[in-house]
Amino acid sequence: MPINPSRKVAKTEDLYQYCSSYNSINEQKLRCFGYLPYAWKEWGKKPMEILKLCSAPQVDVLGCGRALSRLYLPGFRNKGDLTFFDIYNSASPQLQEPMARFGGIGIVEYLPSKGREYCRLLKKPEEACINQLKDTGRSMDIDVP
């Protein structure tokens with residue numbers, strides 16, 4: 001993680017500099033953009049600013065979508081806080097897809113009993129969403145109620 005002192009990402013004017021060298025290497029670009037939002041958060045960026053940075057054309061949406069899910073989904077934040085679902089609803093459809101996918105993996109792994117609530121808050125067809133969570137759960141040997 002960029003916030004690990006031994007691997008800390010120094011603040012820079014070009015917020016995309018760390019991932020720009022990976023333009024043609026998809027796996028590396030995905031991984032880089034999967035961690036860069038953590039650095040943006042550490043540098044004081046607010047959730048909606050991070051969403052805006054993740055919406056830029058040079059960004060790997062899969063990597064950023066994964067990071068947004070990991071940063072903002074855990075525990076379904078308190079009602080007074082900006083939630084994963086607030087960010088999701090403000091995201092482009094291209095960013096929503098990986099956010100929903102990686103968010104679903106997080107739900108299955110850490111909060112399987114909240115699967116139905118997750119699907120309801122995503123405003124997706126509930127049964128299709130639950131079936132997706134159950135499929136993910138079977139691949140991880142986790143029962144999703």
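When both residues are 6+ apart or on different chains and their Cβ atoms are under 9 Å apart, which pairs have a first residue that lies in the range 30-59 and is touching a residue at least 12 places away in the same chain (Cβ under 8 Å) and over 15 Å from C19 (Cα atoms), and a second that is of a type in the set (K, R) and not in a helix (DSSP H, G or I)?
Filtered contacts from the range 30-59: E42/K8; E42/K11; W43/K11.
Restricting to the range 51-60, name every residue that is assigned to a helix (DSSP H, G or I) and surrounded by 23 or more Cβ atoms within 10 Å (Cβ to Cβ).
Selection gives L51, C54.
Kindly indicate the residue of the range 26-41 that is touching a Pro at 6+ places or on another chain (Cβ under 9 Å) and among the aliphatic types (A, V, I, L, M) and also surrounded by the most Cβ atoms within 10 Å (Cβ to Cβ) among those meeting that condition.
Taking the candidates together, the pick is L36.
Please specify each residue of the range 118-142 satisfying the condition of being acidic (D, E) and at pLDDT 90 or above.
Once the filter is applied, which keeps residues that are acidic (D, E) and at pLDDT 90 or above, the range 118-142 yields E127, D135, D141.
Looking at (1) surrounded by fewer than 22 Cβ atoms within 10 Å (Cβ to Cβ); (2) closer than 29 Å to S24 by Cα, which is the only condition R66 fails?
(1) is the only condition that R66 fails.
Which pairs have Cβ atoms under 9 Å, sit 6 or more apart or on different chains, and link a residue in the range 104-116 that is closer than 12 Å to P74 by Cβ to one that is assigned to a loop (DSSP other than H, G, I, E, B) and of a type in the set (V, I, T)?
Here the result reads I107/V144; E109/I142, each pair linking the range 104-116 to a residue that is assigned to a loop (DSSP other than H, G, I, E, B) and of a type in the set (V, I, T).
The values are calculated or read from the model by the stated rules, or taken from the named source; none is laboratory data. As the structure is a computational prediction, the values presented were derived from the model and not from experiment. Note: ideal-geometry Cβ built from the backbone for every residue, glycine included; neighbour counts use all protein chains shown.
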